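Asker: So that we are looking at the same thing, I have put the structure below in structure tokens.
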Amino acid sequence: DEDRVDSVAAGLLKIDPTDVSAFQARRRIAAAREDWTELATIYRARANVVTDVDEKATLLFELGRVCLRRLGDLTRAQEALEEVLDQDPKHPGALDALADLAYRREDWAKARALYGVLSPEASSLGRSVVLYRAGVLDEMHGDAQAAERSYRAAVEDNPAHLQALEALARLALYRGEVTHAISALSSV
């Protein structure tokens, strides 16, 4: 009887908010019911009471993922993911999610800073996407050389990356290097 288990687990958590088995039972039931709001509440409550830095970072990361993917609450997701970085400044999942979120929200300065520390290999988006985005952000900030390096790396990783090839052609044209531009455009 899941309703009874959930009720008992909720009661246990009122008495002892650190009870692991009660947390796990409530988390499992909320996920099975696809009650994402409740699941987010459960993660937040657990993150507020644990003292272990790694566990807290994991809980906050899961909270951020639920808010981002299931609830579409970008603000709450960003807050949770930033809290993860407070616990673990190099958390690859949080860096990846926050960088993507900043890029999609067109917060260019934040996106550039996050993509600057995110390893392209650690991204769920794929190495070539991260490299391309880093190039776009560098180009926006007037660093054509860094942008070109990123675009070239994106093309090395994915020779069919059309946007990166177009960007290389554009940069070559800006410099007046017509033959390089033609080469990049012929690859497109």
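The values are calculated or read from the model by the stated rules, or taken from the named source; none is laboratory data. Small disclaimer: the values here were computed from a predicted structure and weren't measured. FYI the Cβ positions are ideal-geometry reconstructions off the backbone, even for glycines, and counts take in every protein chain you see. Surface accessibility is based on the protein's heavy atoms, side chains included, excluding ligands, DNA and RNA. Shrake-Rupley method; radii C 1.70, N 1.55, O 1.52, S 1.80 Å.
Asker: Please give every one of the lysines within straight-line cross-link reach of LYS14, meaning a C-alpha to C-alpha distance under 28 Å, and leave out same-chain neighbours fewer than 8 residues apart.
Answerer: By straight Cα distance, LYS14 reaches LYS56.
Asker: Then there is this: Between ASN48 and GLU2, what's the calculated FRET efficiency when r is the beta-carbon distance and R0 is 22 Å? Round to 0.05.
Answerer: Working from the Cβ atoms, E equals 0.35.
Asker: Further, regarding this structure: Rounded, prolate or oblate: pick one for the stretch 68-110, where a ≥ b ≥ c are the square roots of the eigenvalues of its C-alpha gyration tensor, a/c under 1.5 means rounded, and failing that, prolate if a/b is larger than b/c, else oblate.
Answerer: oblate
Asker: Using C-alpha positions alone, give me the convex hull volume of the stretch 28-127 per residue in cubic angstrom.
Answerer: It is 97 Å³ per residue.
Asker: Evaluate Rg over Rh across the stretch 96-188, taking Cα atoms for both radii and Kirkwood's formula for Rh.
Answerer: Dividing the radius of gyration by the Kirkwood radius yields 0.99.
Asker: By how many degrees, 0 to 90 and rounded to 10, does the Cα axis of helix 92-104 deviate from the longest principal axis of the chain?
Answerer: Its long axis makes an angle of about 60 degrees.
Asker: Per residue, what volume in Å³ does the convex hull of the Cα atoms of the chain enclose?
Answerer: Taking only Cα atoms, the chain has a hull volume of 114 Å³ per residue.
Asker: So with the 1.4 Å probe, I'd like the accessible area per residue for the chain, rounded to whole Å². Could you put the intermediate results ahead of the total?
Answerer: Working: 10260 Å² over 188 residues.
So the chain comes to 55 Å² accessible per residue, rounded to a whole number.
Asker: Still on this structure, please answer the following. With r as the distance between the Cβ atoms of LEU125 and ALA32 and R0 = 22 Å, compute the FRET efficiency 1/(1 + (r/R0)^6) and round to 0.05. Working shown, then result.
Answerer: Working: r = 29 Å, r/R0 = 1.32.
For R0 = 22 Å, the calculated efficiency reads 0.15.
Asker: Per 5 Å bin, what percent of the C-alpha pairs of the stretch 1-65 does each bin hold, from zero upward?
Answerer: Result returned by the calculation: 4, 20, 30, 26, 15, 5, 1.
Asker: Taking 0.36 nm per residue of sequence separation and subtracting the Cα-Cα distance, how much length would be gained by fully extending the chain between ILE15 and THR179, in nm to one decimal?
Answerer: The span from ILE15 to THR179 would gain 51.7 nm if fully extended.
Asker: Got a number for carbon plus sulfur as a percent of the stretch 93-173's accessible area, 1.4 Å probe? Don't jump to the answer; show the numbers that get you there.
Answerer: Working: 1870 of 3770 Å².
The C+S portion of the solvent-accessible surface of the stretch 93-173 is 50 percent.
Asker: From the backbone phi of the stretch 31-38, what are the Karplus-calculated ³J(HN,Hα) couplings (6.51 cos²θ - 1.76 cosθ + 1.60, θ = phi - 60°) in whole Hz, Gly and Pro given as x?
Answerer: With the stated coefficients, the stretch 31-38 comes to 5, 4, 7, 6, 8, 5, 5, 5 Hz.
Asker: Give me the angle, in degrees from 0 to 90, between the Cα long axis of helix 178-187 and the longest principal axis of the Cα atoms of the chain, rounded to the nearest 10.
Answerer: 50
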